[in-house]
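Heads up: the structure comes next, in structure tokens.
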Amino acid sequence: MPAKDVKAFVKRNKNDAVDAAACCEAVRRPTVRTVPVKTPEQQAQLMQHRVRDLLVRQRTQAINALRSHLAELGIIAAQGYDGLKTLLSIIADSSDSRVPENARFSLSALVAQIASCQSELGAIEKGLLAQHRKNDDSKRLETIPGIGVIGASAIAATVPDASIFKTGRDFAAWIGIVAREDSTGGKQRLCPISKQGDRYLRRLFVVGALSVIR
């Protein structure tokens with residue numbers, strides 16, 4: 001069960017006995033939703049997605065640090081991969097006098113970190129692709145516009161049983177990409193998206209939708 005649904009049944013203070021009693025009370029209520037149990041294979045696949053996401057963030061941090069340090073020396077390159085290649089070539093060129101030797105030594109550590117993250121990302125994505133090709137549900141999800149291999153495998157691993165959702169809107173509400181409602185007195189007021197549920201899935205859906213729009 002989601003912890004936020006159990007919190008309403010905690011009577012006073014908080015300890016293990018009170019939490020257990022609240023869980024027992026909440027599980028008897030027909031309106032409290034339960035969380036489907038994932039298989040070890042699904043947990044392992046989700047672990048790959050989490051590690052990949054961490055490596056992407058670490059690679060971005062290293063690239064941003066590399067750009068900012070070189071910008072202090074007056075070396076600025078274009079955005080994107082082409083600009084990064086230009087900066088990497090400058091660091092690799094020991095004859096370039098714009099970069100002091102001590103700075104070149106320090107920046108080489110960032111270059112090595114970027115290369116390491118890129119190599120590990122490639123290995124993880126190969127594993128995700130192999131698992132995706134073996135999963136019929138994941139391959140069907142890939143046919144939806146805006147959903148690729150990463151998004152399809154993440155959905156298949158996160159949702160053990162899609163039949164618990166009656167409509168697509170129920171699934172959208174589950175990951176928090178529908179409007180949050182704050183209505184009272186017969187007046188309907190819709191707010192921005194609720195941002196509840198799985199943040200990783202929501203980000204994949206937003207990126208996929210933007211790619212379709214563009």
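At a glance:
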read-out	value
In region 21-40, the residues that are in contact (Cβ under 8 Å) with a residue 60 or more places away in the chain and not β-branched (Val, Ile, Thr)	Pro36, Lys38
Residue check for Arg67: in contact (Cβ under 8 Å) with a residue 40 or more places away in the chain and part of a helix (DSSP H, G or I)	no
Unique residue being hydrophobic (A, V, I, L, M, F, W, C) and either under 26 Å from the mean Cα position of the chain (by Cα) or not assigned by TED's automatic domain parsing to the domain that holds Leu128 (or both) when the list is Ala77, Ala92, Ala20	Ala20
Filter pass, Arg59 being in a helix (DSSP H, G or I), within 30 Å of Gln45 (Cβ to Cβ) and in contact with a Cys (Cβ under 8 Å, 6 or more places away or on another chain)	yes
Any hit, region 103-113, residues being in the same structural domain as Gln43 (by TED's automatic domain parsing), in contact (Cβ under 8 Å) with a residue 12 or more places away in the chain, closer than 23 Å to Met47 by Cβ and assigned to a helix (DSSP H, G or I)	yes
Test: Leu107 is under 30 Å from Leu129 (Cβ atoms), crowded, with 16+ Cβ neighbours inside 10 Å and either of a type outside the set (S, T, N, Q) or at pLDDT below 95 (or both)	no
Sole exception among (1) within 30 Å of Ala92 (Cβ to Cβ); (2) in contact (Cβ under 8 Å) with a residue 60 or more places away in the chain for Ile150, by number	(1)
Hey, Glu125 touching a residue at least 40 places away in the same chain (Cβ under 8 Å) and in the same structural domain as Leu70 (by TED's automatic domain parsing) or not	yes
Candidates Gln58, Gln48, filtered to the one that is crowded, with 16+ Cβ neighbours inside 10 Å, under 20 Å from Ser108 (Cβ atoms) and under 16 Å from the mean Cα position of the chain (by Cα)	Gln58
Any hit, region 11-20, residues being exposed (fewer than 14 other Cβ atoms within 10 Å of the Cβ), of a type in the set (A, V, I, L, M, F, W, C) and touching a residue at least 12 places away in the same chain (Cβ under 8 Å)	no
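The values are calculated or read from the model by the stated rules, or taken from the named source; none is laboratory data. Please read all numbers here as calculations on a predicted model, not as lab measurements. Quick reminder, even Gly has a Cβ in these numbers, built from the backbone with ideal geometry, and neighbours come from all protein chains shown.
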